[in-house]
Amino acid sequence: MDSMFANPVVLGFFLVALYIFFGFCLFKLGQRLGDKLAWWAWVPLLQVLLMIRLAELRYWWFILLLIPFVNIAAGIYIWIRIAARRSKPWWMGALMVVPGVDLFVLAHLSLSKN
């Protein structure tokens, strides 16, 4: 039985849709948190720097995201800080490392009213 993602065209459309979803949610999150550089959400490397800005951390945190295993802890901490800035519980930010669940959490963090 073949996966629908075995077709490179389907996989390509899926990845583009995922990128647009993440970019849109990160852009809205940046706008809600009052960051004037929310447009960084659409540029691949700048997306990471925007997340660091939204967590109100220094840019050297980017280096931590390049170190294997450390990047997982740093990513969790960054998303916990972003969730706290949106007045959400810390565990919501921690859920950003769970594949599949992260899409719902990101949508909630970026699109909820408060």
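Just to be sure I understand, how many residues within the stretch 58-114 are under 19 Å from Q31 (Cα atoms) and of a type outside the set (D, E, K, R)?
So the answer is 19.
Taking K88, is it at pLDDT below 95, more than 14 Å from the chain's Cα centre (by Cα) and basic (K, R)?
Answer is no for this residue.
Is there a residue being in contact (Cβ under 8 Å) with a residue 12 or more places away in the chain, more than 21 Å from L103 (Cβ to Cβ), surrounded by fewer than 17 Cβ atoms within 10 Å (Cβ to Cβ) and under 15 Å from the mean Cα position of the chain (by Cα) anywhere in the stretch 4-21?
Among the residues of the stretch 4-21, not one is in contact (Cβ under 8 Å) with a residue 12 or more places away in the chain, more than 21 Å from L103 (Cβ to Cβ), surrounded by fewer than 17 Cβ atoms within 10 Å (Cβ to Cβ) and under 15 Å from the mean Cα position of the chain (by Cα), which makes the answer no.
The values are calculated or read from the model by the stated rules, or taken from the named source; none is laboratory data. Worth saying up front: this structure is predicted, and the values here are computed from it rather than measured. When we count neighbours, we look across all protein chains shown, and the Cβ atoms used for this are built from the backbone with ideal geometry, even at glycine.
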